[in-house]
Every structure is written in C-alpha cells, then in structure tokens.
1. Which of the residues spanning segment C:182-215 are farther than 21 Å from residue C:48 by Cα and assigned to a loop (DSSP other than H, G, I, E, B)?
2. Going by the conditions given, is residue C:178 surrounded by 14 or more Cβ atoms within 10 Å (Cβ to Cβ), touching a residue at least 24 places away in the same chain (Cβ under 8 Å) and part of a strand (DSSP E or B)?
3. Can you tell me which residue among A:162, A:143 is within 14 Å of chain B (Cβ to nearest Cβ) and in contact (Cβ under 8 Å) with a residue 12 or more places away in the chain?
4. Checking residue A:311 against (1) touching a residue at least 12 places away in the same chain (Cβ under 8 Å); (2) surrounded by fewer than 22 Cβ atoms within 10 Å (Cβ to Cβ), which single condition isn't satisfied?
5. Would you be able to tell me the number of residues in segment B:228-239 that are more than 9 Å from every other protein chain (Cβ to nearest Cβ), assigned to a helix (DSSP H, G or I) and surrounded by 24 or more Cβ atoms within 10 Å (Cβ to Cβ)?
6. Go through (1) at pLDDT 85 or above; (2) within 14 Å of chain C (Cβ to nearest Cβ); (3) in a helix (DSSP H, G or I) one by one and return the number of the condition residue A:329 breaks.
7. I'm told residue C:69 meets every condition in (1) closer than 21 Å to residue C:15 by Cβ; (2) within 14 Å of chain A (Cβ to nearest Cβ); (3) touching a strand residue (DSSP E or B) at 6+ places or on another chain (Cβ under 7 Å) except one. Can you identify the failing condition by its number?
8. Taking the condition modelled with pLDDT of 85 or more, part of a helix (DSSP H, G or I) and more than 10 Å from every other protein chain (Cβ to nearest Cβ), does residue A:304 pass?
C-alpha cells in the first residue's frame, strides 16, 4: 500500500477530528447567552452556594473556559483537556465524570450496533445478490417492493412497531432495558440469556431496517455489472453460470457496496442511537437522550465528540481495508 | 421517412414515466392533501392540551381517540402533518440552494476553490449530522418549526453539494461547454446557461434526497425531545406518545397514525427518487 | 465443401422489442474452410456483430435466433442445449471481444482468467503445469511471463488485447471470431495485434472470422470477404476479387469511398442513411440509396447467387456468368 495514500487518509482523519472538536467548542459560544455558563450558574444558585466539590468544579471551569478568558486560551485549554481524556463532569450525576459515564454505556452500544450492522449488511448483500440472479423465480422477485418499503422506514419507527407487536401484544420479548430488571451483571448463563433477550428487538429493528437498503443497492449494482464487457467474455469463455455470478459479478459489486457502507456509516449510527432511545437500551444513545432531558451539556458534548471520532476512525480503517479488496485502488498513484 | 421520425419522438416523450415515480408522487400528493386540506375539517382548539378527556379510544366523536393530554388525535394528526412537511421542505430548499451553488462553483472552477469546498464537504459528510444537530438544538432556549428548519439546513447542503459537484465535473467536459468557452463566454454565464439546465434532473433527484434527509433528521431530533415544544409535528406526536408511555398503555391510536403518515412520506419520497433515477438513466442511455 | 468447418445457412436473428420486431440479421449464409480467414464488413447496424454473437449463442433477450442453421462440422449449434453450448464455447469456437479495455475481470489476476477457462472445460492442471501453460500462451502473443501475475489495469490497451488473443487459443479451438479487435487501438498497436492473431492462427490451424468496418484492415488480413448491409449478406467472395471487381452496388460505393494514396480525389461518401431494421424497405434493402435501382428492386428481394465460382452477390442487376 503506497505511503502517500495512507498519509492522505490519515490527514483526512485528523482534519475531521479537528473540525469536529472545533465545532463542538464553538457552538455553545455562538449561541447568545452561553448556555453552559447559564446552566452552571443555575446549578450554583439552586445549591445555595454550598456544594463543595461542585463549587470547585465550577471554579476550575471558569478559570479555564470562563468568559473572561480570551477565546484562544479557551480553545487551547479545551484541546489540552481532551488530549488528557478529560471530558469534564456530568452535570446531572455529579461527581460522575463524563468519560466514566460514556465508558459504562459504550460496550452496550458497540455490541448492539456493531453486530446488528454487520448482520444487516451481510444478509442484505447476499439477499441482494440472490435477487439479481437472472434465473430468480418470480416469487422471490416479489420481495423487491417489500424491501423498497422496508428501506424507506426510519429505524426507530420500525423499533416502535416491533415493540408493540412482539413485546406488548405477543409478550415474546421484553419491552426495554438491557438486562433483566433488578438483576446484576455477571458472567453466567441466565444473565447472558437475559441480555440476549433484551437485545433481540433492538437488534431486529436495526437489522430489518437496514436489510432493505443493502439488498436493493447490491441488486442494483449487480444488474448494472451484468451489462459489462467482462461478463460477456466470461460467458463466451464457457464459464459456468454460478462461477460468473459469484466471481465476476458479485465480487465486483462488493467493492462499491463497501464504499457505500462507509458513506452511510454516520446514518447507520444515528439510526441505531435512536433505536436505543425507543428501547431504553443502556447504550450511548440512551445516555444521550437522558443527558438531553437533563440539559447535561458536558455529557452531550462528550458523546457527540466521541461519535465523531469513532466514525472518523472507522472510515479510516475502511479506507485502509479497501485497497486490499480492490486491486485498482492500491495502484491509483501510477 | 419524415413521418416515421415524428411518431418516434412523440412516443419517446412519455414512456419514461416509470411506475415507481407515479406511485411515489401519488403517495406524496395524498399526504400533502391530507396536510393542507385536512385541518380545515377540524377546529384548531381540539388540538390543544386539555381539550377533551384524555386516553379515550377511537369512537364516533373522536375518530382516533384522544391522547394522554386530552387532544383529539385525528385533528392533531391533520395539523401536525403540514408542520412536518414544512420543516422538511424548508430545510430541503435552503440546503439544496446552498448545496447547488457550492457544488456548481466547486465543480466548475477547479483549483483552490474546489479543493477547499470539496475537502470541507467531505469532512463534514463524515460527521454524523444528528450529532451536531443535537448539540446545537440542545443549547437553544426556544425551538420553533422555522428554527429547526434553519438548523437542519445548516447541514443538509452536504449531500447536494457533493452530488452536484460530481455532475458538474462531468458536464464541464462536454462538447457544448467547450464550444461556449471558445466563444468567449464567461465562467458564470456558462454555468447558468449551459451547465445548469442540464443539471436539472440531478438537482431534482438531489432535492428529493435532501428533503428526505431533512425530514428524517427533524423527526429524529423531535423523538429525542429537541423539537418545538409548543407546536405539534408528527415527530413531536411520537415524542409525546413515548413520554406518556403510550405503547405500554396499549394506546395504539396515538402512536400508530403518525407512524403511518411518516412511512407514507418516506416511502413516497423513496419511490419518487427511485423513479427519477430510472428516468435520468434511460435519458443517459439514449444520449450516449 | 467437405473441409468447410463452418456452414451458416439462412441465419435470422430478431430482437423482439416493445416497439416491434427488429430484424438484425435477415437470412445470412456463408461457409468457412478450415484454416481460412473470413471478414465480415459493413456499417453500424449491418448485423455483423450480431452475427458474430449469434454464432456463439451469446445473444441476450430480447434477441433470439429466429431461424437458420449454424453447422460447426456436423453439429448444428442452434439445436444444442445450454449446457452443450457452454461446453462448445471457447473449446471449439472462441472469441476475441471488441472492448478489451473492459473485457477482463478487473479484480482477477491474468493467470486466474486463463485457469478458470481451463477448469470450466474440465482441464484441471496442477499449479506448476497450469503456470507453464499460461506462460506459454502469453509467450505466443509476445507477452512476458510476469504478466500472469498482474491485474488488468496494469496493462496497456494493446497488451490487454493480446491477452484476449491468448485467451482465445487456450483450448485450441477450431474457429476464432474476432469482433472488431482493434477498433479501440492506435494504428501501430493495431498492426501488432493483427500480426499476433495471424501467427497464432497459423500455428493452431484454426479458421478466423474477422468482424469490422475497416476495409483497409480487411484487405490486408482476410482471404474471403463478406459484405453485410441491413442484416443481409449482399456480397461474399475472395477478397482480391471483391476489391478488383465489386459486384454489388453497395460494395462498389464502399470501395470507391476508400481514400487512395495515388492522386487526390474528392471524398465520396455513400448518400442517405441506413435503413430502419424495424421496418426495412421492401425488396432489396439497399434500393433507396442505390444509384442503379430499377422498379424490380423495390418489390422483389434479390437472392444470393453465385456469379462466379466462390463469388456470390444478391443484386437483380448482376447476371450469373457461365
């Protein structure tokens, strides 16, 4: 893999993070009447000026980010804290730190969203491939309008429907939460099965909502690839149908499909986060929802920043993987 | 010979109307009519909090019952629909406008201008819209329909900018643009007279996609509780339904109808965009 | 006649489209002897490429072989099942495609693209033997063995086309169909590729059908020439005969339109436009543009007649010579 390709992509990653951090920093300061300051003042006032640690925190905040500080100083201080992984304190659950708040919720989200997205992508892509097979039976082709409709429904709305049908009416699955109520988290079978039960519906929402889109896009790509010259020569060579379909058609369609995965990554994450809200699933999304309700600005900013960084890193990794799959990319610099 | 070619062109003009496009437009028109004409059937006061006894199931008096705050759900639905459409379309138009201008400029004039715009757009595209929208929306003291549209538009231009830029790059190399340049036409004039008209199908496609995006963002923000608290939109209806545990209380008449209307909107938009894609493609195949 | 490896009799290919039935190939017949080269020349839409595709039964719906016979030796290819035809492809009849730019699978190494051809025809060789065979084939078209490990985008246009030539002889077919193999290449590379094709064909003893619109190329390469117009074969015969004395008005105008190195003449095109294949003109397809057309030409379709031994044409105004 040529060095300048890696460097360029890494540069993009750094640029994204810088932009994300800057926007995150600027927003509260651009809105008239700095809301963060206001919230802090309000908290201070309601506590009657006697909150020990809270006072200390507010003082140190003022010292670093206070309005009497020149903007540049605030900006640099912000970066300084970030690089020390100090995202501040949760205003709602003081003295819990934002980083702790996030790290307790993060594994839940990674598990749910990560695995569901992978399953959704894989099943959708394979399904799309099957739908594009020239000899596909009429019945299967009837799936296409259904998939079109499915792909147009926002993730979390599908979640609502699933909750109603499976949790309330059919009572097959729990309606919310990440693990059985009142239970403790241990590494044993009952807990694990409880976790899986609770994860089932949220996962199903993400998977079902995504399948339509992946299947349709894969099918579209294969259909257009089937018109390419190399398919004609493959047929002329007397290759068997399935070989042509898998190694000439699908293999070539996989590349743009993965690119699409990268491009839509932010949408996937956004949708999944809303699903967590519907199911009160204890991940980052639900944390965000709670923080919004409590106007816990530091947690909100922390989560948003983390999302930006996480997606940028995932895209960077995808960019590194891509040349391994598509031989044309690695040699782009010729 | 002459009569032959005439009938040929006449036939060519209409077979493009793809079925998907027609279905999509009908769905959207239905929702539009519902949202524009529907409210005239209901007294706006019936959508106020406390207008009726709460949690009533559907009946002859209230076709979709009442919600936990005493609103007539059917009436609320007809008033909420145009609000949601308003946000989506408003954000879509503004976002499209900005996006088209940036895309045209970036695609036509390469060099530094292009690099700056392109890199910014690329980087911003990787940042999840919802994330930034959440940060901005949380810090607003007051939220209104118009304000939401503006905030969403602030990020909605990303997609059309990229799409328009890509198309402009292709069109720029077309023969008629080269000819115009040789004839001494200035850059801006070429963009407006030669490039823009040929971009129209792509702009239409981008518009649909942008509106779809924007509506999705607005509903997402509302579901998180960041929507206009005093106005009813479809997303807000869902938010309130969630807030008052409508699902657990089995109040399907409250949370299901907004979902139905939203799904109709998105499916309609999807079909329209799919149909437009087909049209653009067949057109391409014929010209090349 | 007995060593004619290919006999095409009254081949008809129609495309059944929504607007009607497009008669792409309307009763084409010709023979090809072992080891000889036949050129199929004509303007766009004359049906030459369609004929080539039909010979390998590579037509996609709505195109279909509507009638006629394609006799490869004693076997009628139109009557074979899909699986039988698949086995014939490349092992008996192979093809060098038009757009080599895009005819090779972009994500497969060159070597694999040879190997999968062999495996599809049940030739499973051990790795070393397969490599040796691939290197040999590449050598025959003048490419280094390192090419085997490369991906298509690493090769130039001429190299890719030569890979296609090598691919076409992998299974030692009896007939190679070259569909405008050099139209995307510049003149110098064109010559190299055609020379290569000629060499491998001679080594193999295979027959070649060269489809194209470049009369100059035809003159240099083929033994017999078939001139197609509006899906019909209007003249077929030894290439020198046709150039020296074109019998059909269309061939005459084609040859007259060729620029000559001797003296400056005015460029002569052929007036008019190609006919619609959806509603072909009645009688002789060329009559609207023919400068010698008489009344009979617009009502009766002229049959393909052998005017001189080996030289056929379909025109009412040409008499059989005894």
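1. C:186, C:205
2. It is true that residue C:178 is surrounded by 14 or more Cβ atoms within 10 Å (Cβ to Cβ), touching a residue at least 24 places away in the same chain (Cβ under 8 Å) and part of a strand (DSSP E or B).
3. A:162
4. Result: residue A:311 passes all but (2).
5. Final tally of qualifying residues: 4.
6. Of the numbered conditions (1) at pLDDT 85 or above; (2) within 14 Å of chain C (Cβ to nearest Cβ); (3) in a helix (DSSP H, G or I), the odd one out for residue A:329 is (1).
7. That leaves (2) as the condition not met.
8. So residue A:304 fails the test.
The values are calculated or read from the model by the stated rules, or taken from the named source; none is laboratory data. Everything numeric here is computed off the predicted structure, so don't read it as measured data. Reconstructed Cβ throughout: ideal geometry from the backbone, glycine too, with neighbour counts over all protein chains shown.
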